[in-house]
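Read the structure below first, then the notes.
The values are calculated or read from the model by the stated rules, or taken from the named source; none is laboratory data. Keep in mind that what you see is a predicted model, and the values were worked out from it rather than measured. Cβ placement follows ideal geometry from the backbone for every residue including glycine, while neighbour counts extend to all protein chains displayed.
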Amino acid sequence: MPPLTLDQRVRLAAFNWLAAHRNAQGEVLPWSLLAKGFDWEGQRVPLLSQQGIFKPRLCELPLSIRTSPEGPYSDELRSDGTVRCGTPTAGPTASTGITLDSVARW
């Protein structure tokens, strides 16, 4: 098995951090805690920000996606509880769609 990429290592650390806080605090974590994030190898890694698609400085790919029914994308809540993220294919935000597609393949 090849070594994990930086993004993969950060994601695994994020999921471990989230699991520990969920076990200690319950299913709903405060925005301030998620925005503060965690320390990883001497760097702070926030889990989200005010922008909808958030990529920490040290990552190549986004770590979190925040959506709204009134947002600029054609996101939809599916009957199974999952969210389909509508992604633009042209214009200034088109690269966002390509990046989200890369995350989905990870």
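Odds and ends about this structure:
- Close pairs from the range 20-46: first on the phi > 0 side of the Ramachandran plot, partner surrounded by 11 or more Cβ atoms within 10 Å (Cβ to Cβ) and of a type outside the set (D, E, K, R), Cβ under 6 Å, at least 6 apart: Gly37/Val45; Gly37/Pro46; Gly37/Leu47
- Residue within the range 58-68 that is modelled with pLDDT under 75 and either surrounded by 15 or more Cβ atoms within 10 Å (Cβ to Cβ) or in a loop (DSSP other than H, G, I, E, B) (or both) present: yes
- Output for the range 7-49, where each listed residue is under 14 Å from Pro62 (Cα atoms) and either of a type in the set (S, T, N, Q) or surrounded by 13 or more Cβ atoms within 10 Å (Cβ to Cβ) (or both): Asp7, Gln8, Arg9, Val10, Arg11, Ala14, Val45, Pro46, Leu47, Leu48, Ser49
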